[in-house]
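Notes follow once the structure below has been shown.
The values are calculated or read from the model by the stated rules, or taken from the named source; none is laboratory data. Being a predicted model, the structure only gives us computed values, none of them experimental. No Cβ is skipped: glycine too gets one built from the backbone with ideal geometry, and neighbour counts run over all protein chains shown. We work out accessible area using only protein heavy atoms, side chains counted, and drop any ligands, DNA or RNA first. Shrake-Rupley method; radii C 1.70, N 1.55, O 1.52, S 1.80 Å.
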Amino acid sequence: MSKVSDFAHQPVLAAEVITLLNIKPDGCYVDCTLGGGGHASAIMDRLGAGGILIGIDQDSDALAAAKKRLEQNNSPAGYALHKGNFADLGSILDLLDRPSADGILADLGVSSWQLDNPQRGFGYGQDGPLDMRMDPRFPLSHGKGESC
């Protein structure tokens, strides 16, 4: 069984993402699909004491891994992590009293950690339940008669 401590994240196209976000040291940036926190950490590396990173993910394991990674980041910037879906962005910004963000990243998809962990049920190369829920708190769907 994979543990959260095994959750590693090597961000894809990190340099390009950082360049395109054009990060201001005192800005507010949102990683809508936080995952293991690779992109978020790279964003925080460029934020100053007045900056904030907001991270959103619906996977509790990803949030725990990202929190651990960001705690080790030496940036003076603040961060706020929220369990939820990127569709919750507006309400999360409202909750934090932020009318807008200077940049938003959404790296859509599943991570290799999710695919390689048989308990998560995303892969079919290993024995395990077929589940595919990003947030295991949601009820299982039994297909309701649809065919594959």
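Just a few scattered comments:
- G35 vs. criteria under 9 Å from the mean Cα position of the chain (by Cα) and on the phi > 0 side of the Ramachandran plot: yes
- Annotation: of all residues in the range 101-123 being modelled with pLDDT of 95 or more and open to solvent by 60 Å² or more (accessible area, probe 1.4 Å), the one that is nearest to L13 (Cα to Cα) is I104.
- Among the residues making up the range 65-90, those that are buried (at least 18 other Cβ atoms within 10 Å of the Cβ) and either assigned to a helix (DSSP H, G or I) or on the phi > 0 side of the Ramachandran plot (or both) are A65, A66, R69, L70, F86, L89.
- The residue that is surrounded by the fewest Cβ atoms within 10 Å (Cβ to Cβ), among those in the range 14-26 that are touching a helix residue (DSSP H, G or I) at 6+ places or on another chain (Cβ under 9 Å) and under 17 Å from A106 (Cβ atoms), is A14.
- Any pair with Cβ under 6 angstrom, 6 or more apart, that starts in the range 18-30 at a residue that is over 12 Å from L53 (Cα atoms) and ends at one that is of a type in the set (G, A, S): I18/A42; L21/G103
- Options I43, I54: the member that is assigned to a helix (DSSP H, G or I), out of contact with any Gly (no Cβ under 6 Å at 6 or more places or on another chain) and surrounded by 20 or more Cβ atoms within 10 Å (Cβ to Cβ): I43
- In the condition set (1) at negative phi; (2) loosely packed, with under 15 Cβ neighbours inside 10 Å, L93 is compliant with all but (2).
- Among the residues examined, S60 does not qualify as at pLDDT below 95 and either of a type in the set (K, R) or out of contact with any helix residue (DSSP H, G or I) (no Cβ under 9 Å at 6 or more places or on another chain) (or both).
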